[in-house]
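The values are calculated or read from the model by the stated rules, or taken from the named source; none is laboratory data. Note that the structure is predicted; figures quoted are calculated from it, not measured. Because the Cβ atoms are built from the backbone with ideal geometry, glycine has one as well, and the counts that use them run over all protein chains shown.
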């Protein structure tokens, strides 16, 4: 398995999120097909020729905690991803913060959600609604807000900063553990183990990693049952990151994390195919060369350009691709689609439903936001 940096590249885009108000994402009421096997849904006959948009949705925004209530074994000393030796003596007030909400989801998955005292703007699943947000300008750490919460341990990564704030927290005698910024479907277990070790609950981490690993394998196997056997009939997919008013258009390619999701749903990552590495500004030439059948986008990003109509108007090169000609766009909630963690199996199945059974998925929710 590859172990490569994924979300780290998003750090350069963090300021783009500033001021973006979230659109309404699909609710569990809209996602009734999530409880049914993929093979039982209204599958399209030709995934490459399907028209129109669809939203990938989860049946629930709750995080299922692991069935293990082993008490944290403290103190624990770990060497974090930056090579800093950190001793954690108290996990009664945990502050998990990153650009995607993955760390918080993992802490909740470890059964320590009641100990969480604050959140980043991307953390919006059940049980976090009333937690204070401690990220300034959306994805920048606010030292004052963090210190007011008096956390006993801060879990973060390099997708959010600045680094000076982390040092300021350490100077205030707060244990700050910087975990790996690698995010892929095949590295979820490693991240779970890393976070569990820092919180003194390794057995919980092992149980959660094993559970999620089995669920990911099961999800991929379920998708494989409906994936065309002939590679030429598989969907050519491209992840497009957009923030309209900021005029930001990025293609996420090989080793961006988006490629692992596309592969998991049986698609062909056309950005990787044309040699696109990581996250880079989109070019018309790249779009035309890639010839995607399907675009995958964040819901807020799609809304920020006025939906599919606005996207095609703003990017004329899309008219030269099957995705543009067929208006084929799959959108998914910003805090879910690249939030590799306990919900990854559900994310894979949600994207697969939107791809192979769009009639059983909600249509795109278009609520243009001027601030996005």
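Regarding the range 66-79, can at least one residue be identified that is surrounded by 21 or more Cβ atoms within 10 Å (Cβ to Cβ), touching a residue at least 40 places away in the same chain (Cβ under 8 Å) and either part of a loop (DSSP other than H, G, I, E, B) or in contact with a helix residue (DSSP H, G or I) (Cβ under 7 Å, 6 or more places away or on another chain) (or both)?
Restricting attention to the range 66-79, the residues satisfying the condition of being surrounded by 21 or more Cβ atoms within 10 Å (Cβ to Cβ) are 66.
Those left that are additionally touching a residue at least 40 places away in the same chain (Cβ under 8 Å): 66.
Checking the rest, the ones that are also either part of a loop (DSSP other than H, G, I, E, B) or in contact with a helix residue (DSSP H, G or I) (Cβ under 7 Å, 6 or more places away or on another chain) (or both) come to 66.
Checked the range 66-79: at least one residue is surrounded by 21 or more Cβ atoms within 10 Å (Cβ to Cβ), touching a residue at least 40 places away in the same chain (Cβ under 8 Å) and either part of a loop (DSSP other than H, G, I, E, B) or in contact with a helix residue (DSSP H, G or I) (Cβ under 7 Å, 6 or more places away or on another chain) (or both).
Identify all residues within the range 262-284 that are more than 15 Å from residue 323 (Cβ to Cβ) and touching a helix residue (DSSP H, G or I) at 6+ places or on another chain (Cβ under 6 Å); write none if there are none. Spell out how you get there, then give the answer.
Of all residues in the range 262-284, those more than 15 Å from residue 323 (Cβ to Cβ) come to 263-266, 272, 275-281, 283.
Once the filter is applied, which keeps residues that are more than 15 Å from residue 323 (Cβ to Cβ) and touching a helix residue (DSSP H, G or I) at 6+ places or on another chain (Cβ under 6 Å), the range 262-284 yields 264, 265, 266, 272, 278, 279.
Restricting attention to helices (runs of 4 or more DSSP H) lying wholly within the range 271-365, give those where 3 or more residues are over 15 Å from residue 257 (Cα atoms) and touching a residue at least 24 places away in the same chain (Cβ under 8 Å). Write out each step before concluding.
Details: elements: 284-290, 299-304, 307-314, 322-325, 334-337, 344-356.
Here the list reads 284-290, 299-304, 307-314, 344-356.
Look at the range 269-289 and say how many of its residues are surrounded by 24 or more Cβ atoms within 10 Å (Cβ to Cβ) and farther than 16 Å from residue 255 by Cβ.
Of the residues in the range 269-289, 1 are surrounded by 24 or more Cβ atoms within 10 Å (Cβ to Cβ) and farther than 16 Å from residue 255 by Cβ.
Scanning the range 332-372 for residues that are over 20 Å from the mean Cα position of the chain (by Cα) and at pLDDT 95 or above, which turns out nearest to residue 312 (Cα to Cα)?
Among those residues, the one meeting the criterion is 358.
Scan the range 103-117 for residues that are over 15 Å from residue 58 (Cβ atoms) and surrounded by 24 or more Cβ atoms within 10 Å (Cβ to Cβ) and report the count. Can you show your working first?
The first filter runs over the range 103-117 and keeps only residues over 15 Å from residue 58 (Cβ atoms), leaving 103-104, 106-107, 110-117.
Keeping just the survivors that are surrounded by 24 or more Cβ atoms within 10 Å (Cβ to Cβ) gives 103-104, 106-107, 110.
Residues flagged as over 15 Å from residue 58 (Cβ atoms) and surrounded by 24 or more Cβ atoms within 10 Å (Cβ to Cβ) within the range 103-117 amount to 5.
Keeping to the range 70-83, report how many residues are within 27 Å of the chain's Cα centre (by Cα) and closer than 30 Å to residue 215 by Cβ. Don't jump to the end; show me each part of the working.
First, the residues of the range 70-83 that are within 27 Å of the chain's Cα centre (by Cα): 78-83.
Going one step further and asking which of them are closer than 30 Å to residue 215 by Cβ, we end up with 78-81.
Total satisfying the criteria: 4.
Restricting to the range 150-165, name every residue that is surrounded by fewer than 17 Cβ atoms within 10 Å (Cβ to Cβ) and touching a residue at least 24 places away in the same chain (Cβ under 8 Å). First the steps, then the outcome.
Just the residues of the range 150-165 that are surrounded by fewer than 17 Cβ atoms within 10 Å (Cβ to Cβ), to begin with: 150, 161-164.
Of everything in the range 150-165, those that are surrounded by fewer than 17 Cβ atoms within 10 Å (Cβ to Cβ) and touching a residue at least 24 places away in the same chain (Cβ under 8 Å) turn out to be 150, 161.
For residue 28, indicate whether it is in contact with a helix residue (DSSP H, G or I) (Cβ under 6 Å, 6 or more places away or on another chain), surrounded by fewer than 20 Cβ atoms within 10 Å (Cβ to Cβ) and modelled with pLDDT under 95.
Numbers: in contact with a helix residue (DSSP H, G or I) (Cβ under 6 Å, 6 or more places away or on another chain): no; surrounded by fewer than 20 Cβ atoms within 10 Å (Cβ to Cβ): yes; modelled with pLDDT under 95: yes.
In short, no.
Of the conditions (1) buried (at least 21 other Cβ atoms within 10 Å of the Cβ); (2) more than 21 Å from residue 215 (Cα to Cα), residue 86 fails just one. Which one is it?
(1)
Are there helices (runs of 4 or more DSSP H) fully within the range 99-205 with at least 1 residues that are under 20 Å from the mean Cα position of the chain (by Cα)? List them. I'd like the intermediate steps shown before the answer.
Working: elements: 102-109, 143-149, 163-171, 188-198.
Correct list: 102-109, 188-198.
Restricting attention to the range 146-164, which residues are touching a strand residue (DSSP E or B) at 6+ places or on another chain (Cβ under 8 Å) and either modelled with pLDDT under 95 or closer than 10 Å to residue 97 by Cα (or both)? So that I can check it myself, show each step before the final result.
Within the range 146-164, the first condition is being touching a strand residue (DSSP E or B) at 6+ places or on another chain (Cβ under 8 Å), and the residues that meet it are 146, 149, 151-158, 160-162.
Result: 154, 155, 156, 157, 158, 160, 161, 162.
Return the residues of the range 223-259 that are part of a helix (DSSP H, G or I), touching a helix residue (DSSP H, G or I) at 6+ places or on another chain (Cβ under 9 Å) and not assigned by TED's automatic domain parsing to the domain that holds residue 276; say none if nothing qualifies.
First, pick out the residues of the range 223-259 that are part of a helix (DSSP H, G or I): 223-224, 231-233, 258-259.
Filter once more, so that each one left must be touching a helix residue (DSSP H, G or I) at 6+ places or on another chain (Cβ under 9 Å): 223, 258-259.
Within the range 223-259, just 223 meets the criteria.
Going by the structure shown, is residue 329 under 26 Å from residue 205 (Cα atoms), modelled with pLDDT of 95 or more and buried (at least 24 other Cβ atoms within 10 Å of the Cβ)? First the steps, then the outcome.
On the way: under 26 Å from residue 205 (Cα atoms): no; modelled with pLDDT of 95 or more: yes; buried (at least 24 other Cβ atoms within 10 Å of the Cβ): yes.
Against the criterion (under 26 Å from residue 205 (Cα atoms), modelled with pLDDT of 95 or more and buried (at least 24 other Cβ atoms within 10 Å of the Cβ)), residue 329 does not qualify.
In the range 166-203, how many are out of contact with any strand residue (DSSP E or B) (no Cβ under 8 Å at 6 or more places or on another chain) and at positive phi?
1
On the given criteria, is residue 55 closer than 30 Å to residue 312 by Cβ and either modelled with pLDDT of 95 or more or surrounded by fewer than 17 Cβ atoms within 10 Å (Cβ to Cβ) (or both)?
Numbers: closer than 30 Å to residue 312 by Cβ: yes; either modelled with pLDDT of 95 or more or surrounded by fewer than 17 Cβ atoms within 10 Å (Cβ to Cβ) (or both): yes.
Yes; evaluated as a whole, the condition is true for this residue.
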